[in-house]
Every structure is written in structure tokens, then in C-alpha cells.
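Participant: First the structure, then my questions, so here it is.
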Amino acid sequence: MAESYDVIIIGSGPGGYVTAVRSAQLGFKTAIVEREHLGGICLNWGCIPTKALLRSAEIMHYSDHLKDYGLKLEGGKVSPDTAAVVDRSRKVSLRLNNGVGFLMKKNKV
């Protein structure tokens, strides 16, 4: 049996999930269609993971200048643990993805 909706959003990226939540808040029966994970490419593979990776690089850069801030790191220079950096970026995306899922459920989308 086919369902009927007032609003159907294609894509759950930032524009999609915000539109879906607002539509549901306004009383429209709303559905969101997403090929993969809630949050779309931006949240899961593009913008957010990239920013998490860049933040790790930024922190590493700052750690190279600890002396400038009157600090020192025992054991020498800091080096990246690539697997841990990527793991952190995935955890950031997962946490945000879960948040989008919560918004959808809370707003009956």
C-alpha cells in the first residue's frame, strides 16, 4: 500500500534534513529519501570528515610549537597516528549522523 506525504525531501544533506525537520514542525507529513547515510555526503564523507582531518593536522602543527607557548612534550616530537586520525574523523561523522537520525525521529520524518 502506497503512503501519502505532504513533503518528500530528496537527499539528507544539511539542506535536506533541515528542510525535513522544519516541514514536520509545521505539521506536514514529511519523508526524507537518502541513498546512503543520514547527513548525506557532506556529513559522512566530505565537509565534516575533512574538517576533522584538518583539525588533527592543525593540532599537530601547534604541537610542533609547544616551546613557543612555554610547554614541552616528553619523548620528543609529536607524529601522527594516521589510523587514529582517520578513526577520529569517522567517529565525528558517526556522532553527527546519529544526531541527524535523532532529529528525524523526534520530528516524525
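Participant: Anyone know which of L26, L66, L38 comes out most mobile in the 10 Å Cα GNM of the chain?
Facilitator: L66
Participant: Below 10 angstrom from the Cβ of R88, what's the summed charge of the other residues (Lys, Arg +1; Asp, Glu -1)? Don't skip to the end; give the middle numbers.
Facilitator: Details: positive: R55, R90, K91; negative: D81, D87.
Result for the neighbourhood of R88: +1.
Participant: A follow-up question, please. Translational diffusion coefficient of the chain at 20 °C, 1.002 mPa s, Stokes-Einstein with Kirkwood Rh over Cα pairs, in µm²/s as a whole number.
Facilitator: 132
Participant: Classify the range 45-101 as rounded, prolate or oblate, taking a ≥ b ≥ c as the square roots of the eigenvalues of its Cα gyration tensor: rounded when a/c is under 1.5, otherwise prolate if a/b is larger than b/c and oblate if not. Working shown, then result.
Facilitator: Numbers: a/c = 3.07, a/b = 2.56, b/c = 1.20.
It comes out prolate by the Cα gyration axes.
Participant: Provide the packing ranking of 48-57, 15-24, 68-77, i.e. peptides ordered by the mean count of other C-beta atoms within 10 Å per residue, highest first. Working shown, then result.
Facilitator: Values: 48-57: 15.3, 15-24: 19.1, 68-77: 7.6.
Put in order of decreasing packing, that is 15-24, 48-57, 68-77.
Participant: Using θ = phi - 60° and the Karplus relation 6.51 cos²θ - 1.76 cosθ + 1.60, list the HN-Hα couplings for the range 70-77 in order, rounded to whole Hz, with x at every Gly or Pro.
Facilitator: Coupling constants for the range 70-77: x, 10, 9, 10, 5, x, x, 6 Hz.
Participant: Extension gain E3-K77, at 0.36 nm per residue separation less the Cα-Cα distance, in nm?
Facilitator: Taking 0.36 nm per residue and subtracting the Cα distance, the gain is 20.7 nm.
Participant: Moving on. Give me the percent relative contact order of the range 30-109, please, defined on Cα pairs under 8 angstrom at least 6 residues apart. Mind dumping the intermediate values first?
Facilitator: On the way: 47 pairs, mean separation 39.5, N = 80.
49 percent.
Participant: Relative to the longest principal axis of the chain, what angle (0 to 90°, nearest 10) does the C-alpha long axis of helix 82-106 take?
Facilitator: The helix 82-106 is inclined about 30 degrees to the chain.
Participant: Only residues of the range 82-109 count here: report those whose backbone N is under 13 Å from the spot 7 Å along Cα→Cβ of H37, or say none.
Facilitator: Residues 86-101 fall inside that zone.
Participant: Taking +1 at the Cβ of each Lys and Arg and -1 at the Cβ of each Asp and Glu, which of L66, Q25, L54 sits farthest along the dipole of the chain towards its positive end, judged by Cα position relative to the Cα centre?
Facilitator: Working it through, the farthest residue towards the positive pole turns out to be Q25.
Participant: Using a Cα distance threshold of under 23 Å, what count of lysine pairs results for the chain when pairs must be 8 or more residues apart or interchain?
Facilitator: Pairs that pass both the separation and distance tests number 7.
Participant: How large is the helix-only mean residue ellipticity at 222 nm for the chain, computed as the sum of -39500 (n - 2.57) over DSSP H runs with n ≥ 4, divided by its residue count, in deg cm²/dmol to the nearest 500?
Facilitator: On the way: 4 runs with 59 residues, N = 109.
Mean residue ellipticity at 222 nm (helix-derived): -17500 deg cm²/dmol.
Only the coordinates and a few stated rules stand behind these numbers; no lab work does. Nothing here was measured: the structure is a model prediction, and the numbers come from that model. Neighbour counts run over all protein chains shown; Cβ positions are idealised from the backbone, glycine included.
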